[in-house]
Structures are given as structure tokens and as C-alpha cells.
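The values are calculated or read from the model by the stated rules, or taken from the named source; none is laboratory data. Not measured: the values here are computed from a predicted model. Positions of Cβ are generated from backbone atoms using ideal geometry, with glycine treated the same way; all protein chains shown enter the neighbour counts.
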Amino acid sequence: MKIADFITWFEKWANPAWQESWDNCGWQIEPGVLQENARVLVCLTPTLAVMQEAIAVQNAGIPVNLIFAHHPLIFSPTKSLRRGDAIGEMARLAFTHNIGIYSAHTNFDQVEDGTADVLAQILELKEVSPVVPTQAGLGYGRVGNLDQSIALGELLTIIQTRLTPSHLISSPVVDLKQAISRVAVLGGSGASFLSAVVKTGAQAYLTSDCKFHQFQESRDRGVILIDAGHYATERPACDRLVQKFRDLNLDWVQLSQTDEDFRLLY
């Protein structure tokens, strides 16, 4: 499948027009690869490490020509490109090695099998619906019911086991045995959706990048806030992308092995 056809297929599923006004989905760098057969390296964040990984794969004999990322390479207008600057180096290497960079961010967050849906599936939630609907059946976050109520402590263990976050932070609770039956999830930075989560009747909310006073607010509003970190809550959706792309019978597709979790707990 040509890269142009591959991107057309993807955008029918997760239209870049659905992105938020502050976002930058779609082509980040297109060095002239549209008519080449797609050989895709999928990652969460397009970093120099991922670019070097793609180049190493090229040197090993597989002509990788597309880095497909969840996070955009470019968020704000770039005023200059300089050697040694991270974005400048990414651009230089992309054109030198003929590797495009494409991003699917808030458009991918909303769709079926997107970041939130994958989290809901990992926790085996049932009767799932968006926390914040944006269009028919789609939207930000997911809320659903567990097959049967489980203790909060068991829910935390399941999250730790299945997502393997480098850290797991939750609201302070008196009783880890309290029953949880309804859970909301949102990959990445989702604390700003807390008011919408409260309206869903969820007892626990799994997301990331939560601040001190957001934990306070969640406690005051009767929701157990669980922060598993940005990487752990979104990386599984990248693995799902690889599975879907392989179903297209692309020449080559692989999940990056150099994606980084930029925060570590010591």
C-alpha cells in the first residue's frame, strides 16, 4: 500500500479535522514519500531516539519511510530550524533519510479503538460510552461498568499489572476494600475532564498528569482519581495501531522500541 493510500485510509477513520484548535495533527514532515510503499515505525512520541531507530532499521536493510506518532512533533509555530535543535535535527534527518513524520493526536483520542477505547478494553469495561461525546458514538474518555464489583485495592492491582506504569498515584482513601463497579478512563492528561466524569457516576477515574489540587477536587467530589502516567495510559493504543496496520498487509510495520517515558520515580 502506498503511503498516500495508507494515510487516506487512516483519515477516513480518524479525521484530522476533528482535532482540537490547539492541536497539530496530520503531516509534520513529508519529504516526498507519498508514492512509496508504506514501511511504518509506530511510536507514542517522535523523538530523536525514534528517528535514530528508524535509521538503524534502514541500515539493516528495511527501507522505513514513515514514523507514525500519537504526539505531534510540532505544536507551536516554529520560527527557526537549527542544527542541534531537536526539531531542527528531526527535520534534517527526515529529509536526509527520506522518512516522513505523521501525527494522530486528539482525532485518534476520540475514535473507536483510540486511546480511551483501548484503556476501557484493557480494564474489560462493559456498556462503554464516551465521557464527553463529540459526535455519534465517539468522544473523549470512556466510562463503563465492571462485570462485577471489585475492591478498590484489586482495581489498583489490575491497573499496575496490565499497564505496568513507572508509578501509580491515587486519591487517599480510608478503605481499599470499598466496592468499585463503574470506572472512567482517559489516556494522557485528563484531569480537566473531572467534572464530566462526575456526571457519569463513575466511582474511579484512570488518567494521568494530575496535580495536587485536582486530587483534592476529586476527593471532594467523590471520585477516586488514579494517575498511571502519560506513557502508560497511551502507549497501549500505539500497540493497537500496529495491530490494525498489520491487518492492511503493509510491507513492514513495527512498534518503536525506543519510545520513552520521560518521568521516572526514584
Can you tell me which residue within the range 139-152, out of those that are of a type outside the set (D, E, K, R) and under 16 Å from the mean Cα position of the chain (by Cα), is surrounded by the fewest Cβ atoms within 10 Å (Cβ to Cβ)? Gly139
Which of the residues that make up the range 14-66 are part of a strand (DSSP E or B) and of a type in the set (S, T, N, Q)? Gln28, Asn37
Close pairs (7 angstrom Cβ cut-off, 6 or more residues apart or separate chains): polar (S, T, N, Q) in the range 2-16, modelled with pLDDT of 95 or more anywhere: Asn15/Asn107
Selection status of Ile62, surrounded by fewer than 16 Cβ atoms within 10 Å (Cβ to Cβ) and in contact with a strand residue (DSSP E or B) (Cβ under 6 Å, 6 or more places away or on another chain): yes
Only residues that are under 16 Å from Phe95 (Cα atoms) and under 18 Å from the mean Cα position of the chain (by Cα): list them for the range 42-65, please. Pro46, Thr47, Val50
Go through the range 104-153 and give me each residue that's charged (D, E, K, R) and in a helix (DSSP H, G or I). Asp109, Asp117
So Gly187 passes all but one of these: (1) part of a strand (DSSP E or B); (2) closer than 22 Å to His70 by Cβ; (3) in contact with a strand residue (DSSP E or B) (Cβ under 7 Å, 6 or more places away or on another chain). Which condition number does it fail? (3)
Is it the case that some residue within the range 71-89 is surrounded by fewer than 17 Cβ atoms within 10 Å (Cβ to Cβ), in contact (Cβ under 8 Å) with a residue 12 or more places away in the chain and not in a loop (DSSP other than H, G, I, E, B)? yes
For the range 250-259, check the following and say yes or no: at least one residue is more than 21 Å from Thr157 (Cβ to Cβ), modelled with pLDDT under 95 and within 17 Å of the chain's Cα centre (by Cα). yes
Scanning the range 90-124 for residues that are without any contact (Cβ under 8 Å) to a residue 24 or more places away in the chain and outside the structural domain of Gln19 (by TED's automatic domain parsing), which turns out farthest from Thr45 (Cα to Cα)? Glu124
For the subset of the range 212-251 comprising residues that are touching a helix residue (DSSP H, G or I) at 6+ places or on another chain (Cβ under 7 Å) and assigned to a strand (DSSP E or B), which member is surrounded by the most Cβ atoms within 10 Å (Cβ to Cβ)? Ile226
Do we find a residue being among the hydroxyl-bearing types (Ser, Thr, Tyr) and touching a strand residue (DSSP E or B) at 6+ places or on another chain (Cβ under 6 Å) anywhere in the range 113-123? yes
